[in-house]
Amino acid sequence: MIELNVHLDGSLSHDDVLRLAKINGIPEGDILTSRFSMSQERLTIPDFLQYFNAPLRLLENRDSIIYATYSLFQRLHQDGVRYAEVRFAPQQSTDDGLTQDQAVQAAIDGMNAAKAETGIQGNLILCCLRHRKEDQLNIDTVSTATRFLGKGVCAVDLAGDELNHPNSEFYELIALIKQCALPFTIHAGENRGPESVHDAIRLGAKRIPHGIRALEDDIVLNELINKKIPLELSPCAELVTCNSLSLNVLPLHDLYQKGLLFSVGSHNMTITNTITSQEYAALKHNYGFSEEEIIDLILKEIDMAFLDEAEKIALKGRIKRDLKTFVRSL
Ligand SMILES: [Zn+2]
């Protein structure tokens, strides 16, 4: 399996939380009263983002970030994932004096430790945040990404409160990202409509996490299909933060047959109570995908990854043998 859409801070396990509380000197009782998981109600993005407050308190020093990243890659491997691109916002880990470079180095160290033990491959995508538009932090994230590109970092992302901070506020930041020749993704089309997805396409996003409100406009949907720009979807959790689409189930199989490219990921394992294999299993059991179609989708996901051609071919060769067994086991 391939996992292209998972956030570190939204995917701390219960055991991670306890261990990280200890590392940070936070009393267990104190942290466990915080809400880490939500039920499947629909929320606006600002409400959804409240769920990150507690985990972010736990990612403020080098040891915590190393452990959290190590644990996430270990759990992904255990779940059957062989390549993952994990999103992480280093600017959220600087309150106690870490620089963004130090935070990223810690995450890379944790990822590499898990790689050494399990063989899982991975990269980090560094998130710029929409609600930080006024300050230097997003610019610093771009600089950090430039220094670590190809050394554990594969891209940058724009994430956060799309409702109150539309793409138009970030044109200068995107221009800087392009100037630095960094591949980038833009979270779009959750709380804002298809025009936000259209804008992300126009700006040059290589992939669009969520983007499901493109379904409200055939022109935008066809643009995604024709330009082969993938969405990053979580079949079980996708509608949680989209309160404007009048759908209860995504027409995923129909979209697949129309040629829309999309990846399948867990996004925030803890916050939405899911794991990667559960998201793939939903394709088979809830969305009518055949096993052959899921294999085809996984191979297409490798093409969507921020890897060079030789790495993609090597990864396909490495997982091909186990794909059938994995898909059958879902
Ligand atoms: Zn996301």
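Just a few scattered comments:
- Sub-6 Å Cβ pairs linking a first residue in region 9-27 that is within 21 Å of residue 124 (Cβ to Cβ) and away from the ligand (no atom under 16 Å from the Cβ) to a second residue that is of a type outside the set (Val, Ile, Thr) and not in a helix (DSSP H, G or I), at least 6 apart or interchain, are 20/58, ordered by first then second residue.
- Segments classed as helices (runs of 4 or more DSSP H), wholly inside region 231-330, with at least 3 members that are of a type in the set (Ser, Thr, Tyr) and modelled with pLDDT of 90 or more: 276-285
- Residue in region 130-144 that is in contact (Cβ under 8 Å) with a residue 40 or more places away in the chain and in a strand (DSSP E or B) present: no
- Region 258-278: number of residues that are within 17 Å of residue 83 (Cα to Cα) and surrounded by fewer than 24 Cβ atoms within 10 Å (Cβ to Cβ): 3
- Count of region 123-163 residues which are in contact with a Ser or Thr (Cβ under 9 Å, 6 or more places away or on another chain) and more than 16 Å from the ligand (Cβ to nearest atom): 4
- Test: residue in region 183-200 that is touching an Asp or Glu at 6+ places or on another chain (Cβ under 6 Å), within 15 Å of the ligand (Cβ to nearest atom) and polar (S, T, N, Q): yes
- Top-ranked residue of region 162-194 - restricted to ones that are surrounded by 18 or more Cβ atoms within 10 Å (Cβ to Cβ) and among the acidic types (Asp, Glu), ranked as modelled with the lowest pLDDT: 190
The values are calculated or read from the model by the stated rules, or taken from the named source; none is laboratory data. Owing to the predicted nature of the structure, the values given are computational and were not obtained by experimental measurement. Because the Cβ atoms are built from the backbone with ideal geometry, glycine has one as well, and the counts that use them run over all protein chains shown.
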